[in-house]
Amino acid sequence: MSSRELHNRLANAIRFLAIDAVEAANSGHPGLPMGAADMATVLFTEKLKFDATAPKWPDRDRFILSAGHGSMLLYGLLHLLGYDAVSMDEIRRFRQLGSLTPGHPENFVTPGIETTTGPLGQGISTAVGFAMAERLMAARFGSEIVDHRTVVIASDGDLMEGISQEAIDIAGHLKLAKLTVLWDDNRISIDGPTSISVSTDQQARFAASGWNTLAVDGHDPIALLAALNRAYASDKPTLIACRTTIGFGSPAKAGSEKVHGSPLGAAEIEATRKALGWEAGPFEIPADALDAWRAAGRKGAEARAAWQARFDALPEATRAEFNRRMAGELPVAALKEAIAAVKAKAVADGGAVATRKSSEIVLDTLTKAVPEMLGGSADLTGSNNTRAKGQKSVTPTDFSGDFVHWGVREHGMAAAMNGIALHGGFIPYSGTFLAFADYSRPAIRLAALMGERVIHVLTHDSIGLGEDGPTHQPVEHLAALRAIPNTLVLRPADTVETAECWQIALEAKDRPSCLILSRQNLPLLRKEADGENKSAGGAYELLAASGEAQVSLFATGSELSLAVEARALLESEGVPTRVVSVPSFELFLARPLAERRAVIGKAPAKVGIEAAIRMGWDSIIGSDAAFVGMTSFGASAPAKELYKHFGITPQAVVAAALEQLRQS
Ligand SMILES: Cc1ncc(C[n+]2csc(CCOP(=O)(O)OP(=O)(O)O)c2C)c(N)n1
């Protein structure tokens with residue numbers, strides 16, 4: 001058999017697994033795997049470094065199918081290459097409950113999948129984070145140990161999404177030469193030919209962002225290999241525009257949107273079998289093709305053994321640190337010590353500090369104790385206070401730094417942070433204004449779905465930011481972030497709580513956190529600095545009532561001091577009042593009922609206070625409690641005036657509490 005014939009058989013094995021699995025599930029997307037099979041075959045048999053027996057080998061190349069709807073391309077590859085978990089039974093169970101072959105690739109479900117993809121544009125943008133992490137780790141541990149590539153297959157839809165521009169812009173700027181994107185240039189999307197909605201010259205676009213660009217026939221293995229070789233030799237990231245035919249091989253449907261997202265149907269499968277000369281039955285792989293694929297799956301064993309030998313020759317401390325960081329284990333003792341030191345100093349210093357500044361104070365100590373922390377900001381470094389003393393900028397020529405200037409690219413930043421966390425070796429954190437969390441939201445949602453430790457520092461958290469006005473004043477954002485499952489929203493009230501919330505975020509290994517911080521100064525309310533992390537319970541009693549509590553005041557962040565003032569007023573009128581700080585709804589609501597009841601207390605009057613909308617608060621205070629907050633957008637004025645204007649004052653809290661008591 002000629003090598004071209006063998007190539008065709010290997011590619012056809014992918015095609016027919018996709019065809020058969022989609023047919024069996026009666027749903028899915030055969031067109032992409034059929035069109036991209038040649039690209040994938042060349043990549044996996046000729047170029048990529050991996051070992052199917054060790055899906056987590058740290059120095060493997062990372063392959064990302066950005067167009068997640070083509071998931072059967074990945075599952076087919078994993079099965080053929082000999083990734084144990086992806087058995088033929090799993091392929092047969094494509095898209096079924098509990099299978100390892102869900103509709104879109106999920107990294108937390110299937111060994112060998114690097115990242116969840118499906119929302120177009122996310123994969124290519126997450127890949128930028130993988131490629132950055134490789135450079136950053138190589139700068140720390142050396143290229144003997146860290147030397148791998150990130151290769152993406154992206155579709156038309158991926159390149160249409162706005163986030164892709166942010167991603168390629170960052171990658172081009174940072175000269176991520178080990179990032180290669182194969183664009184499945186099939187000119188078809190769901191509505192028909194892409195010409196109905198796009199006329200971009202993609203190569204010119206990538207070139208303008210600092211990329212090397214190439215174009216090939218995506219069905220020609222020799223041309224593909226040559227292009228990949230050129231891409232690998234470039235000192236820039238490379239786009240290879242691979243002209244393909246969607247649904248390649250299907251006589252009636254190839255080249256049409258009809259094959260994008262529906263089963264071919266029995267008759268067309270037969271016709272395709274004939275057209276491609278594929279004699280095997282459904283879910284059958286001819287022995288010659290399977291043997292060749294399995295051999296490709298084992299090829300990397302040698303490279304892995306050589307890597308292991310180099311790794312084993314490293315000093316023990318270096319190996320331990322590398323393993324610790326890749327496993328995402330914290331330096332527990334150093335972290336605890338750092339948090340305790342910051343809390344003690346905050347209590348000793350006293351005084352009012354904006355929590356964004358509190359966060360900077362925490363980071364000055366914390367980043368030294370936890371060196372895998374990788375900071376950044378979307379062009380708001382001085383406002384987000386995310387840059388710790390001694391942090392160094394990452395530049396295109398020096399990746400030894402630990403602070404990333406993401407530019408004004410919140411969405412690309414959030415997706416790349418996901419990639420950095422997924423790669424391993426770092427805990428990415430970065431900042432923007434809370435109002436702009438909406439720009440990052442799709443990537444935050446994916447971090448939550450994947451269970452990745454990514455920390456979003458979101459400052460300027462309410463009308464308290466003042467004069468910039470309603471465009472910049474978040475109102476609904478806290479509720480919107482709290483709505484994302486598996487996400488921690490932490491809104492500390494002072495420096496002590498800020499230190500505690502940083503500790504919580506770092507220790508939350510399997511979920512993203514959002515630290516919600518104020519622009520304006522806030523008084524220190526926690527006057528003790530014992531070892532306990534009170535914020536970790538989500539809510540706790542900050543101040544007890546002088547007698548049997550008549551009123552419970554619940555507040556977060558900047559409004560906690562209003563609650564404390566309101567308590568003083570109520571107590572002076574003879575109304576015993578307690579104050580509960582609520583730094584995190586999620587942590588509180590996860591506690592057993594008895595504990596929640598104890599914190600909520602039995603006072604007949606309850607008032608929630610937060611300079612944001614009420615949505616979500618009822619789960620804590622109940623729908624019959626009063627709420628002092630926002631019901632509209634903010635306005636442009638100094639913060640103090642805005643609090644008065646919108647009725648978020650100690651007096652308003654007192655009035656609400658007394659009214660509650662009257663009606664109780
Ligand atoms: C953010 C986002 N919007 C919409 C979709 C739904 N969707 C899935 S595939 C697709 C477009 C398909 O075109 P293309 O990307 O060229 O893939 P191909 O047809 O080549 O498989 C769309 C709109 C999605 N997955 N993600």
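The values are calculated or read from the model by the stated rules, or taken from the named source; none is laboratory data. Keep in mind it's a predicted model, so treat the numbers as computed, not measured. Glycine also receives a Cβ, built like all others from the backbone with ideal geometry; neighbour counts cover every protein chain displayed. Calculation scope for accessible area: heavy atoms of the full protein, side chains included, ligands and nucleic acids excluded. Shrake-Rupley method; radii C 1.70, N 1.55, O 1.52, S 1.80 Å.
For segment 147-163, the set of residues classified as away from the ligand (no atom under 16 Å from the Cβ) and open to solvent by 10 Å² or more (accessible area, probe 1.4 Å) consists of 147, 149, listed by residue number. Among the residues of segment 575-585, some residue qualifies, meaning at least one is without any contact (Cβ under 8 Å) to a residue 40 or more places away in the chain, more than 25 Å from residue 458 (Cα to Cα) and either of a type outside the set (A, V, I, L, M, F, W, C) or surrounded by fewer than 20 Cβ atoms within 10 Å (Cβ to Cβ) (or both).
Considering only residues in segment 426-440 that are out of contact with any Gly (no Cβ under 9 Å at 6 or more places or on another chain) and touching a residue at least 40 places away in the same chain (Cβ under 8 Å), the one that is farthest from residue 408 (Cα to Cα) turns out to be 426.
For segment 246-262, enumerate the residues that are more than 10 Å from the ligand (Cβ to nearest atom) and on the phi > 0 side of the Ramachandran plot. Answer for segment 246-262, where residues must be more than 10 Å from the ligand (Cβ to nearest atom) and on the phi > 0 side of the Ramachandran plot: 249, 255.
Picking from 144, 166, which residue would you name as being away from the ligand (no atom under 11 Å from the Cβ), in contact (Cβ under 8 Å) with a residue 60 or more places away in the chain, open to solvent by 40 Å² or more (accessible area, probe 1.4 Å) and over 24 Å from the mean Cα position of the chain (by Cα)? Unique residue meeting the criteria: 144. For segment 176-197, a residue qualifies if it is in a loop (DSSP other than H, G, I, E, B), within 10 Å of the ligand (Cβ to nearest atom) and open to solvent by less than 60 Å² (accessible area, probe 1.4 Å), and exactly one does: 186.
Please enumerate the residues belonging to segment 101-140 that are more than 16 Å from the ligand (Cβ to nearest atom), over 18 Å from residue 77 (Cα atoms) and open to solvent by 30 Å² or more (accessible area, probe 1.4 Å). Passing the criteria: 135, 139, 140.
Yes/no per residue for (1) within 30 Å of residue 173 (Cα to Cα); (2) assigned to a helix (DSSP H, G or I):
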residue: 320; (1), (2): no, yes
residue: 325; (1), (2): yes, yes
residue: 334; (1), (2): no, yes
residue: 374; (1), (2): yes, no
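Within segment 200-238, the set of residues being outside any helix (DSSP H, G or I) and over 21 Å from residue 167 (Cβ atoms) comprises 216, 217, 218, 219, 220.
Inspection of segment 602-610 identifies at least one residue that is in contact with a Ser or Thr (Cβ under 6 Å, 6 or more places away or on another chain) and open to solvent by 20 Å² or more (accessible area, probe 1.4 Å). Tell me whether segment 285-298 contains one or more residues that are touching a residue at least 24 places away in the same chain (Cβ under 8 Å), open to solvent by 80 Å² or more (accessible area, probe 1.4 Å) and farther than 30 Å from residue 24 by Cα. Looking for residues that are touching a residue at least 24 places away in the same chain (Cβ under 8 Å), open to solvent by 80 Å² or more (accessible area, probe 1.4 Å) and farther than 30 Å from residue 24 by Cα, one finds none in segment 285-298, hence no. When 110, 116 are screened for being among the polar types (S, T, N, Q) and either farther than 28 Å from residue 171 by Cβ or in contact (Cβ under 8 Å) with a residue 60 or more places away in the chain (or both), only 116 passes. Only one of the numbered conditions (1) within 32 Å of the chain's Cα centre (by Cα); (2) open to solvent by 10 Å² or more (accessible area, probe 1.4 Å) is not met by residue 7, and that is (1). In segment 323-342 there is no residue that is at pLDDT 95 or above and under 22 Å from residue 79 (Cα atoms). Which residues, taken from segment 30-81, are within 11 Å of the ligand (Cβ to nearest atom) and either part of a loop (DSSP other than H, G, I, E, B) or β-branched (Val, Ile, Thr) (or both)? Within segment 30-81, 30, 66, 67 qualify. Selection over segment 47-85 of residues that are open to solvent by 10 Å² or more (accessible area, probe 1.4 Å), closer than 25 Å to residue 230 by Cβ and in contact with a helix residue (DSSP H, G or I) (Cβ under 6 Å, 6 or more places away or on another chain) gives a count of 2.
Return the residues of segment 530-553 that are farther than 29 Å from residue 572 by Cβ, open to solvent by 20 Å² or more (accessible area, probe 1.4 Å) and of a type in the set (Gly, Ala, Ser); say none if nothing qualifies. Answer for segment 530-553, where residues must be farther than 29 Å from residue 572 by Cβ, open to solvent by 20 Å² or more (accessible area, probe 1.4 Å) and of a type in the set (Gly, Ala, Ser): 531, 536. Within the set 16, 94, the sole residue that is assigned to a helix (DSSP H, G or I), away from the ligand (no atom under 15 Å from the Cβ), open to solvent by less than 10 Å² (accessible area, probe 1.4 Å) and more than 30 Å from residue 426 (Cβ to Cβ) turns out to be 16.
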